[in-house]
Amino acid sequence: MPSVSMIVNGKPVSAAIEARTLLVQFLRETLRLTGTHVGCDTSQCGACVVNVDGRSVKSCTMLAVQAEGAQIATIEGLAQGDRLHPMQEAFREHHGLQCGFCTSGMVMGALDLVRGSPDPSEHQIREWLEGNLCRCTGYHNIVKSIAAGAKAMRG
Amino acid sequence: MATAADGRFLAGGHALLPSLKQRLDHPSDLIDPGAIAELRGVTKAGGILTIGAMTPHADVANSAVVRASIPALADLAAGIGDPQVRNRATLGGSVAGNPTADYPAALLGLGATIHTDRRQIRADDFFVGTSKTALGRGEIVTAVAFPVPEKAAYAKFSGLASRYAIAGVFVGKSSKGVRVAVTGAGACVFRDLDMENALAADFAPRAIDGLRIPVSGLRSDRHASAEYRAHLIGVMARRAVAACR
């Protein structure tokens, strides 16, 4: 079995895995980081979005071995102790989630948006959410949450 | 690749990995050229825009050089899939792996040249059928060279779930004439010569009015009938001509 090494939430990890292991399987099953979800498994729903070298990607459509040497950020790496990340706090404050299944992907995707556009317009946010499906909220509160999170991150 | 019984190049993986999950393909080996820096990036020289095969769609969409020289290409890249797909999926993967994707329409509509590790192939000779290209065994696309047109635009009608074009039309106008390339509607991207001739005489949406789009050869599936696709081709072509810049 091939061995793979990467930095996940700031910590170096390596493991021997089956070559066909998807990045999301590696995160959930090998590292037990189950905050990243598998929704559709067909690169459409965005529940599995994590950041690879700063870019949001669908971890169900990337092999773990393709992330060799990469910096991976997952939802588990955001909060500092009991203090939520400003984007997480904004989702809580603005009721940006109901069941929460899509939320980690929404938050990780939002962080990539804010990286490129620190002050995104509502239109930009809605366009950006094309690859993140939510079946509960109707998106309005998610859009508000991301705008508020971006504002909080600008300080 | 030379020693693999039945190897595949894995680019961004957004066509190949889903097909592996569905057990539609059973390669013996996957070769990931992702670490080869020479396969990535955009350069422009002498009216030719060259994009490396492993350049993700997001990089093409955000490239100032692409935006300034062929805005239609930047717009096309910005409209593929969703942001996460665009961060991974690549030009080369789209060209080599899926002749009904958006990029093949741009290649055909701009008269691009596909560079491989062995040779250069004109887009007209590259897309030859359903999931078939002119690539030989083990041959890899390294870059695509796009001649900068006078103006061009792409318009598509996407499937709601997959975001693939149900019908997409790329129109390119250059000193060599007008090219109209249709993707998503047939088994393989193709040129519509009747529209090209009509637009060469009068480059305006009205030139396409009244042209009959042949239904034969178009796909019929749960997304759209062949008749509906034929209608969409006309609508998308008119939109593309109107949007040309």
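Per residue, the convex hull spanned by the Cα atoms of segment B:10-51 measures out at 91 cubic angstrom. Distance distribution note for segment B:70-147: the fraction of Cα pairs above 15 angstrom is 53%. Exceedance of the 23 Å cut-off in Cα-Cα distance is limited, within the set A:144/B:156; A:58/B:132; A:11/A:58; B:151/B:176; B:21/B:132, to A:144/B:156; A:58/B:132.
Of all the options B:183, B:90, B:43, the one that moves most in a Gaussian network model of chain B with Cα springs shorter than 10 angstrom is B:43. Shape analysis of segment B:117-176 yields a ratio of the Cα radius of gyration to the Kirkwood radius, Rg/Rh, of 1.03. Summed over qualifying helices (DSSP H, 4 residues or more, each -39500 (n - 2.57)) and divided by its residue number, chain B shows a 222 nm mean residue ellipticity of -8500 deg cm²/dmol.
Springs between Cα atoms under 10 Å define the GNM used for chain B, and in it the highest mean-square fluctuation of B:153, B:143, B:204 occurs at B:204.
Of the solvent-accessible surface of chain B, computed with a 1.4 Å probe over protein heavy atoms with every protein chain present, carbon and sulfur atoms account for 51 percent.
Site pair residue A:79 and residue B:209 shows an inter-label distance of 6.3 nm when each label is modelled 7 Å from Cα along Cα→Cβ.
From zero up to wherever the largest Cα-Cα distance of the protein assembly as shown sits, split into 10 Å bins and tell me the percent of pairs in each. Using 10 Å bins, I get a P(r) of 5, 22, 30, 25, 14, 4, 0 for the protein assembly as shown. The order of the peptides A:89-96, A:60-67, B:230-237, A:10-17 by mean Cβ neighbours within 10 Å, most packed first, is A:60-67, B:230-237, A:89-96, A:10-17. Across peptide B:6-14, the mean count of Cβ atoms from other chains lying within 10 Å of each residue's own Cβ comes to 2. In segment B:38-243, the ratio of gyration radius to Kirkwood radius, Rg to Rh, stands at 0.94 when only Cα atoms are counted. Label zone (residue A:154, point 7 Å along Cα-to-C-beta; backbone nitrogen cut-off 20 Å) within segment A:87-106: A:87-94.
Per the Kirkwood formula applied to alpha carbons, segment A:86-154 shows a radius of gyration over Rh ratio, Rg over Rh, of 0.91.
Could you state, as a whole-number percent, how many of the C-alpha pairs of segment A:29-155 are farther apart than 19 Å? Provide the component values of the computation, followed by the final result.
Working: 3473 of 8001 pairs.
Value for segment A:29-155: 43 percent of Cα pairs lie more than 19 Å apart.
In whole angstrom, how far apart do the alpha carbon centroids of segment B:1-57 and segment B:212-245 sit? If you average the Cα positions of each part, the centres end up 29 Å apart.
Chains A and B together bury roughly 1700 Å² of accessible area, counting both sides, with a 1.4 Å probe on protein heavy atoms only. Could you look at segment A:95-155 and say what percent of its accessible area is carbon and sulfur, using a 1.4 Å probe and all protein chains? Percent of accessible area from carbon and sulfur atoms in segment A:95-155: 55. Electrostatic tally near residue B:30: other residues with Cβ closer than 12 Å to its Cβ, Lys and Arg +1, Asp and Glu -1, net -2. For segment A:1-39, applying the loop criterion from DSSP together with a ceiling of 12 other beta carbons within 10 Å to the trypsin sites (Lys or Arg not before Pro) yields A:32. Where does the charge balance sit around residue B:108 when Lys and Arg score +1, Asp and Glu -1, over other residues with C-beta under 10 Å from its C-beta? Local net charge: +2.
Here is the tail figure for segment B:1-107: Cα pairs spaced more than 15 Å apart come to 64 percent of all pairs. Taken over the alpha carbons of segment A:3-77 as equal point scatterers, the Debye sum produces base-10 log I(q)/I(0) values at 0.21, 0.26 Å⁻¹ of -0.82, -1.33.
The values are calculated or read from the model by the stated rules, or taken from the named source; none is laboratory data. All values reported here derive from a predicted model rather than from experimental measurement. Note that we place each Cβ from the backbone using ideal geometry, even for glycine, and neighbour counts take in every protein chain shown. Just so you know, the surface numbers come from the protein's heavy atoms only, side chains and all, with ligands and any DNA or RNA stripped out. Shrake-Rupley method; radii C 1.70, N 1.55, O 1.52, S 1.80 Å.
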